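Throughout, read-outs are computed from the coordinates displayed, never taken from laboratory work. Please read all numbers here as calculations on a predicted model, not as lab measurements. Heads up, the Cβs are rebuilt from the backbone with ideal geometry, glycines too, and the neighbour counts pull from every protein chain shown.
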Amino acid sequence: MVQLHYFGNNALLERDKTAFLCSHRAPTDIFPALKRWIGTLRPDEDCVVCGCLSGFERWVIQQCVERQIALVIVLAERLPDTIEEIALKLQGIRFSDMMGAGKLLFASVNDDNGENAASQRNAELRNRWMLNISKTIVIGYAQAGGRLETQIIGVRNVKRLLPAEEPDLSAEESFKRGWAIYHYLCDNVLNMPSHEIRAKLLAFLQLKLSAPSPLHSALLFFVTKEHQHIGTEFNFPAFFEMWGPQNLREEDWERRKSKRDTYYDAIAEKALHLLEMAPEEFRKTELTRRLAAEALKRYPRNSHYRELANPSA
């Protein structure tokens, strides 16, 4: 369970905010772009939401303090008990004037373990919270294929201070990105809004992947397992059509045996069930019929598949 703790002026959460995020490994030529962006901020109007793990984030905090830009500083670990401890953690930055002027809020976003050190999971929870509460997102630099790059897929109002590294991806790079999206979805599905899940699924579908592959199977298994978390507006037939029924492998038709000697439906069968149960406005009858015909080849005694494959019979 996610825990939120605050210290400072909670009223800053009601203001329009700009989140700043940056990969730990960023090129040094980011600093001119950072300085230009900091120079556009207005002390009486702007409010910046920033983490405090990387050197780039701490530099942004220092600049905002010097210019008296309102700050929400977000930790990915347990919130220290006193402002002195926080100041020590942030290399002795003096926050007294900011706190006195009501321009400072410390927030801690982590899981219920209350960890004293920032973990990757807590850092991602922190980033998601920052993205959700901010009107504008400024990305100092997002490493291609990295966790931050994966996290901001589909997020609106993103401004990059350095251009994204988006050359034509090789087949190997496309698979790496696809696996990164898949693992990110698996790790975070319970804490993600449905629109973010759908955005990441769309980003996956836009990759140029050779087929069929275990990666295709893994993503289809994820969707069939977690479809209830993707939202009632999720159009599974359209997703499956874009995913590509031709990407089904023979392994996707294999049923798994349980400890009780019963069998779980195969991945392809689960996809067929979702096609069949889709709301009327999403249904693709011919696609359902074709997949049922394929299912009937593997399970010829299944009368329900026979009815779906030959509805007029």
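Here the chain was treated as a single set of alpha-carbon atoms; its pair distances binned every 10 Å from 0 give 5, 23, 26, 19, 13, 9, 4, 1 percent.
The mean sequence distance of close C-alpha pairs (under 8 Å, at least 6 residues apart), as a share of the length of the chain, puts its relative contact order at 14 percent.
Only one residue of Leu202, Val74, Asn110 has its Cα farthest out toward the positive end of the dipole of the chain, where Lys and Arg carry +1 and Asp and Glu -1 on Cβ, and that residue is Leu202.
The equivalent ellipsoid of the stretch 171-309 has semi-axes of 25, 17, 16 Å, largest first, where each one is the square root of 5 times an eigenvalue of the Cα gyration tensor. Scattering from the C-alpha atoms of the stretch 2-160 alone, worked out with Debye: what is log10 I(q)/I(0) at q = 0.17, 0.20 1/Å? Per q value, in the given order, log10 I(q)/I(0) is -1.00, -1.45. If you take every DSSP beta bridge fully contained in the stretch 2-160, what fraction is antiparallel? Give it as a percent rounded to 5. Roughly 25 percent of the beta bridges in the stretch 2-160 run antiparallel, per DSSP.
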